[in-house]
Structures are given as C-alpha cells and as structure tokens.
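The values are calculated or read from the model by the stated rules, or taken from the named source; none is laboratory data. Worth saying up front: this structure is predicted, and the values here are computed from it rather than measured. Glycine also receives a Cβ, built like all others from the backbone with ideal geometry; neighbour counts cover every protein chain displayed.
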Amino acid sequence: MAVVRTLLYLVVYPGLLFLFVYSTFCEWFDRKVYARLQNRMGPTHTGRFGLLQPIADFFKLMAKEDIVPEAADKRLFSILPVVGLAVVATAGLLLPVWNFDLANPGLTSFSGDIIVVLYLLSLPTLILFLAAWASTNPFATIGGARVLTMFFGYEVPLFLAVLSPAILADSWRLAEIAAFYQAKPLLLLTNLLGFIVAVIAVQAKLERTPFDIPHAETEIVGGTFTEYSGKKLALFRLTFDIELVVSSGLLAAVFLGGFPGGAVVGFLHFVVKTLFVIFLLSLLRALTSRIRIDQVVSFAWKYLAPLAVLQLLVTILLKGLLS
Amino acid sequence: MSFQIPIGPQHPALKEPISLRMTVEGEVITDVDMRLGYNHRGMEKLAEEKSWLQNIYVTERICGICSHSHATCYVQGVEKLMELAPPRRGLYIRYLVAELERVHSHLLWLGVAGHEAGFDSFFMYTWRDREIVMDLLEMISGNRVHYAINTLGGVRRDIDEGQKAKILEGVATLRKRSEYYFYIGANEPSFVARIAGVGYLSKESAIALCAVGPVARASGVARDVRKDDPCAVYGELDFEVATADTCDVLGRVVVRVKELLESYKLIEQMVKGLPAGDIAVKAPRKAKPGEVVSRYEAPRGENIHYIKANGTDKPERLKVRAPTLANYPATVEMLRKGFIADIPLIFAAIDPCICCAERTVTLVAAGSGEESVVRMSDLRRQALARHQNAPVKRNAVWPL
C-alpha cells in the first residue's frame, strides 16, 4: 500500500501529472494576461478559451524531429533536459501545500527544506549553461555565458530576500514559516521589500523579459536553446513552466502567508496565490524591455542586493523588538 | 577570446537577407564586415524594357514599405523630362499619400525598434495603431501596400468630402497616440537604458559618411529634401525638420516620433487646403532625349532616381539610390565598439530596407571563400552540368 501511495504521490498528485497540468495552466494564464496587456487575444482556439494550447504545443514539440548536432557532446546534450525536469519537479514536491501537517514532518517537509528548494531552483541555471556549452554553437555559447553572468547577479539577492522571512519566523521549514505568518498576518507587511526583490529575482531566474537575455532571439537567435529541438526542447519548456509554478509557490509560501486550511482550502489558497505571483511576473514582462547583460549585473548589485540586505536588517531589528 | 559570429544571411533580427560578420571579444564588437547581394532582383534592367507608364508600377515594387516614395521619385523625374505640370489638386493628393505613407512607415519602425529591444508591448501597440493609417490608405487608393495612385501628370484617384473627414478623424486619433508613444519611448526606464548612448554617430561622421534621413537628423544634421529643395507642394506648407542632438538610437526614436507629429500637421494642412480642379493631365507616350535626377525624402531618408531618356517610349537608364544604401557606411561606424546586444537595435535604427539597396550579386565559393565574376551563360552551363551529374534528389547528400 505504501508503495502505491508513494507512486501516486510521485506520478499523479502532486507529482508529475499534476505539475504538468497545473504548469501548463499557469503558462496559459501567463500568456493570456501578457496578451491582454498587449491588446491581443492570446490563445483562443485549442480547448475552451485556448486552455489546452500549452498542452497542444507540448505534444506538437514532442512529435517534432529531434536533431542532435554532430559536434555536440551527445550524451550530455540528451540527458540535460530530463535532469532539468526532474530537478524542478522534485522542488515542486517540497512545497508546503501537500504536506501541511505541522506536527508530523515527513520526507518532503523537514527543517531546512527552504534551502533545498532554493538549491533545486538554482540547478536549472547550471543545467542551461551546460546545455548551451554541450551544443557547441556560437550563439548557444554566448547564451550560456550570459546565463552564468546573470546568475551571479540575481542569486544572492534572491537568497537574502527569501531567507529573511525565515529568520523572523525562526524556522528553516516552509510549513512552519507559513504557519508563523498565518498566526501573525500583520508581520507579512514587514517583508514587502523582500517580496519585491524576490519577484524581480524570480523573473530573472525564469529568464523572462526584461531578463530574457540568454535567449534574446533578435540578438543570439535561440541562445541557449539554439540547437535544441523536438522532445528535448519540449522538456526544457516544461521545465521552465514547472519552475514558474514552483518559484511562485515558494514566494507564496514565504511572503503571502502560505496555504492554510487543510487539503482543499489550502489548495485553493495555492492556486489563487500562485496566480497572483504569476500575474505580477506577467505584468513585469509586459511593461519592460530587455536590458543588457551588464545592466542586469549592475542593477542586481546596485539595487536588488542592498534592498535585500535592508530587508534582512529590518527583519533582525524586528526580531529583537519582538523577543 | 575573439571569435566571429555571423548575423545573417538568415537571422531572426533580420527581416531580409544580409550578412553582418561580427568579430567579438566577449560581448564587445571589435570589427564589422558587411556583405550584400543576397536579394538582387534586376529592377534597373527590367525598367529599361518597360514603357514610361509601366515603370511607375515597377518602381513601386522596389520596396514594400516606402513603395509610394520610389514611384513618386520616378514620376517627378519623368514629369520633368516630359515637361508636364500636374494640376495642384493632383499634387496635393500625391503628397498627402506620401505623408500617410511616412506615418505608416515610422509607426512600423517604432514597433520594430521595440521588438528588437525586447519591448514587445510597444511593438503590439504601435502596430495596432498603424492599422488606422493603413485603413486610410486603403480608403484613398484601394490598396494597403502598393497604392498605385501616381500616374504621369497627376494621380489616378480623387478624394471626396467623406474621405477627407475620415482622414482628419484618423489623424486626430493617431496624434493622441503618438504623443503617448513619444512619452513612453523617451521615458520608460528599461527601454531608455537600452537605447540611450547606443550606436553613437557624431555630427561630423554623419556628414562625412553621407548618412541620410532620420539617422543624419538624429546626429543634428538638419537635412531634409522637403525643406532643402522643396518640390511641388512642400514650399507652401508649414512644417519643421525634426532633429535631435543625442546622436544615438534614442535620438533616432525621438526624431521619428517628432516626424510623425510633423506629418500629421502636413496631412491636416493638405486635407483642409485641398485645391479644386483636375487631378491629372494627359501625358505623352514618349519623352525627349535628356537626363534628370529626381530627389525625394522617403521615410528612410533621401531617395535619388537618375533617369536618362533617348527619345523612345522607354527609359535608356534608370538608376535608383535607395536611402538604406547611403546609411550602410554609417552603420559600420555605429556598430564598432558596441555590444552584441546592441547589434539588432543599431542595425534596425537605420530602418534598413535591404532589397531596395541590392544592386549586385557576388559569387562566393562556399568552401574556399573565393569570389568570382561569371557571365550569365556560364552560370547556366554550370547549373545544367551540375544537374546532369547530380544523383537522384532523394539520395542526394546535401553539403552544408
């Protein structure tokens, strides 16, 4: 029985199948919001309101010809999309929406899981760099170099911003952090600065405008993905969709008071709050233009990092006041 | 580490084929090499085999965006050769269409600039509003792209009161929107961060490298054929030459939006002051021997047509100098020392129309890079020989 339960947990809910369906829904939501902000319709044809469009895109790509370049490191090139997907899906399992039981920390909810989620969310960046490097295309190589350069910009502010609420809550476990803020919702307001920093850093992590520099199509064609096609590209796209869900879920858990109310109500909280975060990300995407790689790094260290440090300072002072 | 990246002949930033070979060191461009000749269409040769009237429609097809500019430039020249004086109403309608075309071209360019900078919202909004002016052009001429409104000695279609009202209404909407885009283009922080100081071209080098149109005007050179050599109606109308002195892509955005506002002013003046009378006079079939140079300020810059007549009903020679060609030397200068990220923006900022500027083909051997000159008959013989020896297509191994 335990084996079946674990399998269901991994494959159906909240594992791959659920993440697949929900992440494609989030992609649809993102595309629709982005399109409406640009005075367009967005997906309308496939399924009701175009809801099935991302799924259709995924299956279409799965069926397309899959080309591996002659000069590429073939094994690395082929295995990276799968590893990337596995990493972000694992991160998805750690969200406190399906393991809300505080008293009973299981395999997927433990002290320090916030660090593990952050770590698992950092891995796709390295995977993208390796993928770019393994494809040996000049455009991909430049894209890969840009991925890493950007990584040094946004990662530290993101860590600082996400960890400061945890310091205030005095716990490294996502479920406990969420429970702390559910008990004292007013304290959420003190983390507003951190939330803004984290939203911008997540936008950079997901490589969306204004940070879509590693695959800026007008500059370096497909960037990191130039040589990827067919199944592998489909998996990479899915990886990004799931990463979008997981990172917005993480922000919702840490900054928006988590998902109280058990399995059903908590799930509703999850949907509403992740969609809210995704809405903010889409807004940011529609309102800005792509900036240059040097501007990203200087922006991150001139503004994001000091703001994140300020947030940390506020948190520490507040903690001293509260205790 | 210094290496070469090829931008083109096929690249998402380019709408037409051209080859820009960038030598880059990290993200910085150290050297630029530009190769043309991927889109030669033999327009000038074709023009020698068509009659004066037919050639209006040939020249109109030189460009898909400034189609009216080429046709007008040609018609102006031929009218001078034939000593025709088109009626004023005809001229007003001709330059009314010309200004509407400038509006649609500049709105299109603003969208492209937004897209190249990754600012797709800007792109979507400007292109939505471009539909307004496209609809106006369709209403006046019946076509969205090749208006075919010019004829020798005037224009082919008249406009009535209802159309006038619609033009004024459309222009009023567009003016409001353009002022907003002006605000966005010059104030949106992430967009300005991308375009300010990028693609620097000093006033001296703009003059030395013969830059034309908005590129020259953004470097502070107030050069506009409409003002310097006012043909037909422009002398009677009130407008200013838009310039900027920032010498960068931001300046080119500003100049184009200012020109939009000037064009609205011109359109309103022309519609309100449209004189009564005929729209065209009858043109002779032949032109006396002679030669003429015709200039016209296309949306992209100064357009020059050189026409030579030999007394028959066909031109002996038609030479077209499209504005894009004049801006290439300046582009190379602008690209140097830039970032890879700025290539599409700088290149797009000249509003390149590549097929307009193509006049030659170079044969380059794919393997050795050797260039050669071959006669057409030799080329044909080579092609036939190659096909005879080639294996059946489905078994062919195509070399990259």
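Just a yes or no: is a residue in region A:157-169 within 14 Å of chain B (Cβ to nearest Cβ) and more than 21 Å from residue A:85 (Cβ to Cβ)?
no
Based on what the data block shows, is residue B:148 more than 14 Å from every other protein chain (Cβ to nearest Cβ) and either surrounded by 15 or more Cβ atoms within 10 Å (Cβ to Cβ) or within 22 Å of residue B:88 (Cβ to Cβ) (or both)?
Values: more than 14 Å from every other protein chain (Cβ to nearest Cβ): yes; either surrounded by 15 or more Cβ atoms within 10 Å (Cβ to Cβ) or within 22 Å of residue B:88 (Cβ to Cβ) (or both): yes.
Yes.
Taking only region A:141-156 into account, find how many residues are within 14 Å of chain B (Cβ to nearest Cβ) and in contact (Cβ under 8 Å) with a residue 24 or more places away in the chain.
Keep residues of region A:141-156 that are within 14 Å of chain B (Cβ to nearest Cβ), which gives A:141-150.
From what's left, in contact (Cβ under 8 Å) with a residue 24 or more places away in the chain: A:142-144, A:146-147, A:149-150.
Number of matching residues: 7.
Residue A:301 is checked against (1) more than 27 Å from residue A:138 (Cα to Cα); (2) within 14 Å of chain B (Cβ to nearest Cβ); (3) surrounded by fewer than 20 Cβ atoms within 10 Å (Cβ to Cβ) and fails just one. What number does that condition carry?
Going through (1) more than 27 Å from residue A:138 (Cα to Cα); (2) within 14 Å of chain B (Cβ to nearest Cβ); (3) surrounded by fewer than 20 Cβ atoms within 10 Å (Cβ to Cβ) one by one, residue A:301 breaks only (2).
State whether the residues of region A:113-134 include one that is buried (at least 18 other Cβ atoms within 10 Å of the Cβ), farther than 23 Å from residue A:81 by Cα and either more than 14 Å from chain B (Cβ to nearest Cβ) or modelled with pLDDT under 90 (or both).
Looking through region A:113-134, at least one residue is buried (at least 18 other Cβ atoms within 10 Å of the Cβ), farther than 23 Å from residue A:81 by Cα and either more than 14 Å from chain B (Cβ to nearest Cβ) or modelled with pLDDT under 90 (or both).
Is there a residue in region A:77-89 that is assigned to a loop (DSSP other than H, G, I, E, B) and within 29 Å of residue A:130 (Cβ to Cβ)? Steps first, answer last, please.
Here is the first cut: in region A:77-89, the ones assigned to a loop (DSSP other than H, G, I, E, B) are none.
Looking through region A:77-89, none of the residues is assigned to a loop (DSSP other than H, G, I, E, B) and within 29 Å of residue A:130 (Cβ to Cβ).
Just to check your reading of the model, which residue among A:270, A:236, A:255, A:225 is within 14 Å of another protein chain (Cβ to nearest Cβ), buried (at least 18 other Cβ atoms within 10 Å of the Cβ) and among the hydrophobic types (A, V, I, L, M, F, W, C)?
On the way: A:270 fails: within 14 Å of another protein chain (Cβ to nearest Cβ); A:236 fails: within 14 Å of another protein chain (Cβ to nearest Cβ); A:255 fails: within 14 Å of another protein chain (Cβ to nearest Cβ).
The conditions single out A:225.
Just name the residue that is surrounded by the fewest Cβ atoms within 10 Å (Cβ to Cβ) out of those in region B:1-45 that are within 13 Å of chain A (Cβ to nearest Cβ) and of a type in the set (Gly, Ala, Ser).
Ranking the qualifying residues of region B:1-45, first place goes to B:2.
Answer yes or no: is there a residue in region A:175-187 that is away from every other protein chain (no Cβ under 14 Å), in a loop (DSSP other than H, G, I, E, B) and of a type outside the set (Asp, Glu).
Just the residues of region A:175-187 that are away from every other protein chain (no Cβ under 14 Å), to begin with: A:175-187.
In the following step, the residues that additionally are in a loop (DSSP other than H, G, I, E, B) were identified as A:184.
Filter again for of a type outside the set (Asp, Glu), leaving A:184.
Looking through region A:175-187, at least one residue is away from every other protein chain (no Cβ under 14 Å), in a loop (DSSP other than H, G, I, E, B) and of a type outside the set (Asp, Glu).
Looking at region A:25-67, which of its residues are free of Cβ contacts under 8 Å to residues at least 40 places away in the same chain, assigned to a loop (DSSP other than H, G, I, E, B), away from chain B (no Cβ under 14 Å) and of a type outside the set (Ser, Thr, Tyr)?
Answer for region A:25-67, where residues must be free of Cβ contacts under 8 Å to residues at least 40 places away in the same chain, assigned to a loop (DSSP other than H, G, I, E, B), away from chain B (no Cβ under 14 Å) and of a type outside the set (Ser, Thr, Tyr): A:43, A:45, A:47, A:51, A:52.
So which residues in region A:118-160 are among the hydroxyl-bearing types (Ser, Thr, Tyr) and part of a helix (DSSP H, G or I)? Write out each step before concluding.
Within region A:118-160, the subset among the hydroxyl-bearing types (Ser, Thr, Tyr) is A:119, A:122, A:125, A:135-136, A:141, A:149, A:154.
Matches in region A:118-160: A:119, A:122, A:125, A:141, A:149, A:154.
Taking the options A:257, A:249, name whichever one is part of a loop (DSSP other than H, G, I, E, B) and over 22 Å from residue A:149 (Cβ atoms).
On the way: A:249 fails: part of a loop (DSSP other than H, G, I, E, B).
One residue alone meets the criteria, A:257.
Determine if region B:196-204 includes at least one residue that is surrounded by 16 or more Cβ atoms within 10 Å (Cβ to Cβ) and part of a helix (DSSP H, G or I). Outline the logic, then answer.
First, the residues of region B:196-204 that are surrounded by 16 or more Cβ atoms within 10 Å (Cβ to Cβ): B:198-201.
This time we only want the ones that are part of a helix (DSSP H, G or I), so: none.
No, that holds for no residue.
Is at least one residue of region B:122-132 more than 14 Å from every other protein chain (Cβ to nearest Cβ) and modelled with pLDDT of 90 or more?
Within region B:122-132, not a single residue is more than 14 Å from every other protein chain (Cβ to nearest Cβ) and modelled with pLDDT of 90 or more.
Does residue B:297 satisfy the condition of being assigned to a strand (DSSP E or B), away from chain A (no Cβ under 14 Å) and acidic (Asp, Glu)?
Working: assigned to a strand (DSSP E or B): yes; away from chain A (no Cβ under 14 Å): yes; acidic (Asp, Glu): yes.
Yes, satisfied.
Got a sec? Which of B:91, B:96, B:100, B:136 is in contact (Cβ under 8 Å) with a residue 60 or more places away in the chain, within 18 Å of residue B:176 (Cβ to Cβ) and not aromatic (Phe, Trp, Tyr)?
Numbers: B:91 fails: within 18 Å of residue B:176 (Cβ to Cβ); B:96 fails: within 18 Å of residue B:176 (Cβ to Cβ); B:136 fails: in contact (Cβ under 8 Å) with a residue 60 or more places away in the chain.
That would be B:100, the only listed residue that is in contact (Cβ under 8 Å) with a residue 60 or more places away in the chain, within 18 Å of residue B:176 (Cβ to Cβ) and not aromatic (Phe, Trp, Tyr).
For a quick check of your reading of the model, give me the residue pairs whose first member lies in region B:320-344 and is within 13 Å of chain A (Cβ to nearest Cβ), whose second is among the hydroxyl-bearing types (Ser, Thr, Tyr), with beta-carbon atoms closer than 9 Å and at least 6 apart or on different chains.
These pairs meet every condition: B:338/B:200; B:343/A:218; B:344/A:218.
Applying the selection to region A:1-24, what residues are assigned to a helix (DSSP H, G or I) and β-branched (Val, Ile, Thr)?
To start, the set of residues in region A:1-24 that are assigned to a helix (DSSP H, G or I) comprises A:2-11, A:16-24.
Those that are assigned to a helix (DSSP H, G or I) and β-branched (Val, Ile, Thr): A:3, A:4, A:6, A:11, A:21, A:24.
In region B:106-121, what residues are within 11 Å of another protein chain (Cβ to nearest Cβ), farther than 10 Å from residue B:256 by Cβ and part of a helix (DSSP H, G or I)? Don't jump to the end; show me each part of the working.
Step one: filter region B:106-121 for residues within 11 Å of another protein chain (Cβ to nearest Cβ), giving B:112-121.
If we keep only those that are farther than 10 Å from residue B:256 by Cβ too, we end up with B:112, B:114-121.
Passing the criteria: B:112, B:114, B:115, B:116, B:120, B:121.
Residues in region B:139-170 that are in contact (Cβ under 8 Å) with a residue 24 or more places away in the chain and not in a strand (DSSP E or B): how many? Before the answer, list the steps.
Step one: filter region B:139-170 for residues in contact (Cβ under 8 Å) with a residue 24 or more places away in the chain, giving B:139-141, B:145-159, B:163-164, B:166-168, B:170.
Keeping just the survivors that are not in a strand (DSSP E or B) gives B:139-141, B:145-149, B:152-153, B:156-159, B:163-164, B:166-168, B:170.
Residues in region B:139-170 being in contact (Cβ under 8 Å) with a residue 24 or more places away in the chain and not in a strand (DSSP E or B): 20 in total.
Okay, residues lined up against (1) in contact with a Cys (Cβ under 7 Å, 6 or more places away or on another chain); (2) basic (Lys, Arg); (3) closer than 26 Å to residue B:154 by Cα; (4) in contact (Cβ under 8 Å) with a residue 24 or more places away in the chain:
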{"residue": "B:224", "(1), (2), (3), (4)": "no, no, yes, yes"}
{"residue": "B:229", "(1), (2), (3), (4)": "no, no, yes, yes"}
{"residue": "B:245", "(1), (2), (3), (4)": "no, no, no, yes"}
{"residue": "B:251", "(1), (2), (3), (4)": "no, no, no, yes"}
{"residue": "B:255", "(1), (2), (3), (4)": "no, no, no, yes"}
{"residue": "B:262", "(1), (2), (3), (4)": "no, no, yes, no"}
{"residue": "B:266", "(1), (2), (3), (4)": "no, no, yes, yes"}
{"residue": "B:269", "(1), (2), (3), (4)": "no, no, yes, yes"}
{"residue": "B:273", "(1), (2), (3), (4)": "no, no, yes, yes"}
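One line per residue, one yes/no per condition, for (1) among the acidic types (Asp, Glu); (2) in contact with a strand residue (DSSP E or B) (Cβ under 8 Å, 6 or more places away or on another chain); (3) assigned to a loop (DSSP other than H, G, I, E, B):
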{"site": "B:307", "(1), (2), (3)": "no, yes, no"}
{"site": "B:311", "(1), (2), (3)": "no, no, yes"}
{"site": "B:318", "(1), (2), (3)": "no, yes, no"}
{"site": "B:327", "(1), (2), (3)": "no, yes, no"}
{"site": "B:330", "(1), (2), (3)": "no, no, no"}
{"site": "B:333", "(1), (2), (3)": "yes, no, no"}
{"site": "B:341", "(1), (2), (3)": "no, no, no"}
{"site": "B:347", "(1), (2), (3)": "no, yes, no"}
{"site": "B:352", "(1), (2), (3)": "no, no, yes"}
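Determine which single condition residue B:268 fails, assuming it passes every other condition in (1) surrounded by 15 or more Cβ atoms within 10 Å (Cβ to Cβ); (2) not in a helix (DSSP H, G or I).
Answer for residue B:268: the failing condition is (2).
How about region B:280-295: which of its residues are surrounded by 20 or more Cβ atoms within 10 Å (Cβ to Cβ) and modelled with pLDDT of 90 or more? Walk me through how you get there before you give the answer.
At the first step, the residues of region B:280-295 found to be surrounded by 20 or more Cβ atoms within 10 Å (Cβ to Cβ) are B:280, B:287, B:294.
Once the filter is applied, which keeps residues that are surrounded by 20 or more Cβ atoms within 10 Å (Cβ to Cβ) and modelled with pLDDT of 90 or more, region B:280-295 yields only B:294.
Restricting to region A:272-319, what's the tally of residues that are assigned to a loop (DSSP other than H, G, I, E, B) and more than 22 Å from residue B:342 (Cβ to Cβ)? Quick ask: steps written out before the conclusion?
Here is the first cut: in region A:272-319, the residues assigned to a loop (DSSP other than H, G, I, E, B) are A:288-292.
Narrowing the set further to residues that are more than 22 Å from residue B:342 (Cβ to Cβ) leaves none.
Looking only at that region, the number is 0.
Please find, within region B:110-133, the residue that is farthest from residue A:216 (Cα to Cα) out of those that are within 17 Å of the chain's Cα centre (by Cα) and surrounded by fewer than 24 Cβ atoms within 10 Å (Cβ to Cβ). Please lay out each step first, then the result.
Quick first cut of region B:110-133, residues within 17 Å of the chain's Cα centre (by Cα) only: B:110-113, B:130.
Remaining after also requiring surrounded by fewer than 24 Cβ atoms within 10 Å (Cβ to Cβ): B:111-112, B:130.
Values: B:111: 17, B:112: 15, B:130: 25 Å.
That would be B:130.
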